[in-house]
Amino acid sequence: MAYNLVAIANAASLIGRLTTGLLADKYGPLNIMTPFTFSAAIFTYVWPLTRTMSSILPLTVLYGICSGAFVALVGSPVVSMGSADSVGERTGLLFSMTAIGALSGPPISGAIRGLSNSTDAGRAWRPVGIYAGTMVLVAVGLMCLTRRMVIGRWGKGVI
């Protein structure tokens, strides 16, 4: 069943991709992406603590929905953060910075997992979940800071 979890998460991400796209049209992509990414961070923290299939399946579905929101909306906020002349520059910078995390995150996670001396598989993955969840929370913090900088204040605003 473990091999099917990736397929289940990908199927659930379709729900997140479609529904959050519709919500983003009304409330703004960054306003929708931030709480869904925060939820994905919480699920990342919880993931190593799950022990049974009845606990990991709902977690997989919920994580898939939340990650689908990020995948669908990641490029959208930069379009409204400046003039149309520089959309390509902003998008290129966004994905260049994203690539750094995408390329360095898995080897760091592997090194953290390799340093774990636990013979219990659940305990051995906990540090990886903590690292990954923390990195996602850092991203959420940066989303909030970006929103504040673009709108110019905390509070209401569509972005």
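I want to confirm something. Restricting to region 10-31 and keeping residues that are open to solvent by less than 20 Å² (accessible area, probe 1.4 Å) and hydrophobic (A, V, I, L, M, F, W, C), which single residue is nearest to Arg126 (Cα to Cα)?
Ala12
What's the number of the condition Ala41 fails, among (1) more than 14 Å from the chain's Cα centre (by Cα); (2) under 30 Å from Asp120 (Cβ atoms)?
Going through (1) more than 14 Å from the chain's Cα centre (by Cα); (2) under 30 Å from Asp120 (Cβ atoms) one by one, Ala41 breaks only (1).
Assess whether Val79 counts as being under 19 Å from Met143 (Cα atoms) and touching a Lys or Arg at 6+ places or on another chain (Cβ under 7 Å).
Answer is no for this residue.
Pairs under 8 Å by beta carbon, first residue at pLDDT 95 or above in region 129-152, partner assigned to a loop (DSSP other than H, G, I, E, B) and open to solvent by 40 Å² or more (accessible area, probe 1.4 Å), six or more apart or different chains?
Qualifying pairs under 8 Å: none.
Can you name the residue in region 51-94 that is in contact (Cβ under 8 Å) with a residue 40 or more places away in the chain and not in a helix (DSSP H, G or I) and is also surrounded by the fewest Cβ atoms within 10 Å (Cβ to Cβ) among such residues?
Step by step, filter region 51-94, then rank; the result is Arg51.
Please enumerate the residues belonging to region 97-145 that are farther than 21 Å from Thr52 by Cβ and polar (S, T, N, Q).
Across region 97-145, the qualifying residues are Thr98, Ser104, Ser109, Ser116, Asn117, Thr134.
Does any residue of region 95-111 turn out to be open to solvent by less than 50 Å² (accessible area, probe 1.4 Å), among the hydrophobic types (A, V, I, L, M, F, W, C) and touching a helix residue (DSSP H, G or I) at 6+ places or on another chain (Cβ under 7 Å)?
no
The values are calculated or read from the model by the stated rules, or taken from the named source; none is laboratory data. The structure displayed is predicted, hence computed values, not measured ones. Methodologically, a virtual Cβ is constructed for each residue, glycine included, from the backbone with ideal geometry; neighbour enumeration extends over all protein chains shown. Ligands, DNA and RNA are stripped out before the accessible areas are found, and what is left, the full protein with its side chains, is counted by its heavy atoms. Shrake-Rupley method; radii C 1.70, N 1.55, O 1.52, S 1.80 Å.
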